[in-house]
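Q: Below is a structure I'd like to ask you about.
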Amino acid sequence: MSMIGEYARLAPAELERAVRDPDWARKFIGELAEAELDAGPGASPARCHDTDKAWHALDFLLRRLAFPVDVVIGEEEIPGADDWGYVPPRYLTPERVQVAAEAFTAIPPGALVSGVTPADLVQADIYPVIVWEGGESLEYVTSHYQALVPFFQAAARDGHAVVVWLD
């Protein structure tokens, strides 16, 4: 089974409820994701997003660049939440989402992976190691980065928080 980086944008009132009631949050976010699947691509700005198995490489590369927000693991715990796959969900406040969206503008995809090779990811034991051992191109990571940036920009524009977990 694979670990997938998952994201959901929540309005401030939804985040407040999610923090008070993590079971509601899990159900609500599941309904958001299902509604987006039913609506099809391009229906409206996505409130749910995933980075597939690129999450660990994104974390490694962003930390290497001293990115100011932990957009991969999240920064705040949702108290009392059970694992939503591999870990309990965490979140970023709307203010931290804004900081992340602004910081993303300074990092074009090429800069994210500049000077890094798949062998570097193997040496750092970045999940999924088997992919990097096979010499997978870092375009896999940059393509997920290029999709994550507008997701955060939309969240910042709308004043949303972001919930993060590994499923």
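The values are calculated or read from the model by the stated rules, or taken from the named source; none is laboratory data. All values derive from a computational prediction rather than experimental measurement. Cβ: placed from backbone, ideal geometry, glycine included. Neighbour counts: every protein chain shown. Side chains are part of the model used for accessible areas, which takes the heavy atoms of the whole protein and leaves out ligands, DNA and RNA. Shrake-Rupley method; radii C 1.70, N 1.55, O 1.52, S 1.80 Å.
Q: What is the percent carbon and sulfur in the accessible area of the chain, measuring with a 1.4 Å probe over the protein chains and ignoring ligands?
A: Its accessible area is 53 percent carbon and sulfur atoms.
Q: Round to the nearest 10 and report in Å² the accessible area of SER137, as given by a 1.4 Å probe over the protein chains' heavy atoms.
A: The accessible area comes out at roughly 50 Å².
Q: Helix 22-39 sits at what angle to the longest principal axis of the chain, using alpha carbons and giving 0 to 90 degrees rounded to 10?
A: Helix 22-39 and the main axis of the chain meet at about 70 degrees.
Q: I've got another one for you. For the chain, set up a GNM with springs between Cα atoms under 10 Å and report which of ALA101, ALA81, ALA54 has the largest fluctuation.
A: ALA81
Q: Once you wrap a convex hull around the alpha carbon atoms of segment 55-100, what is its projected area averaged over all directions, in nm²?
A: 3.5
Q: Enter the Cα centre distance for the pair segment 140-159 and segment 69-92, rounded to the nearest angstrom.
A: 18
Q: What is the spread of the Cα atoms of segment 4-154 along each of their three principal axes, largest first, in whole Å?
A: Per principal axis, max minus min of the Cα coordinates gives 43, 31, 29 Å.
Q: How many nm separate the modelled label positions at GLU95 and GLN123, each set 7 Å beyond the Cα in the direction of the Cβ?
A: Rounded to a tenth, the inter-label distance reads 3.9 nm.
Q: If you take every DSSP beta bridge whose two residues both sit in the chain, what share of them, in percent to the nearest 5, is antiparallel?
A: Bridges in the chain are about 100 percent antiparallel.
Q: Nearest 10 degrees is fine. How inclined is helix 139-157 to the longest principal axis of the chain, computing both from alpha carbons?
A: Result, in degrees: 30.
Q: Find the accessible area per residue for segment 70-167; the probe is 1.4 Å, ligands and nucleic acids are left out, and the unit is Å².
A: Accessible surface, normalised per residue, equals 46 Å².
Q: Using a 1.4 angstrom probe and counting only protein chains, how large is the accessible area of ASP120 in Å², to 10?
A: Result for ASP120: roughly 50 Å² accessible.
Q: Also, quick follow-up: Please give the charge dipole size of segment 1-140, origin at the Cα centre, charges +1 on K and R Cβ atoms and -1 on D and E Cβ atoms. Round to the nearest 20 debye. Please report the intermediate quantities before stating the final value.
A: Numbers: 11 positive and 25 negative charges, 55 e Å.
The calculated dipole for segment 1-140 is roughly 260 debye.
Q: As I understand it, the value is the acute angle between the Cα axis of helix 55-64 and the longest principal axis of the Cα atoms of the chain; what does it come to in degrees, rounded to 10?
A: 70
Q: Further question: Tell me the relative contact order for segment 2-118 as a rounded percent, counting alpha carbon contacts under 8 Å between residues six or more apart.
A: Relative contact order comes out at 27 percent.
Q: Now a separate question. Can you tell me what the convex hull of the Cα atoms of segment 62-132 projects to on average, as an area in nm²?
A: In nm², the orientation-averaged hull projection of segment 62-132 is 6.0.
Q: Could you tell me the distance between the Cα centroids of segment 1-52 and segment 94-119, to the nearest Å?
A: That distance is 23 Å.
Q: Ordering TYR7, TYR127, TYR86 by accessible area with a probe of 1.4 Å, largest first, what comes out?
A: Order by accessible area, largest first: TYR86, TYR127, TYR7.
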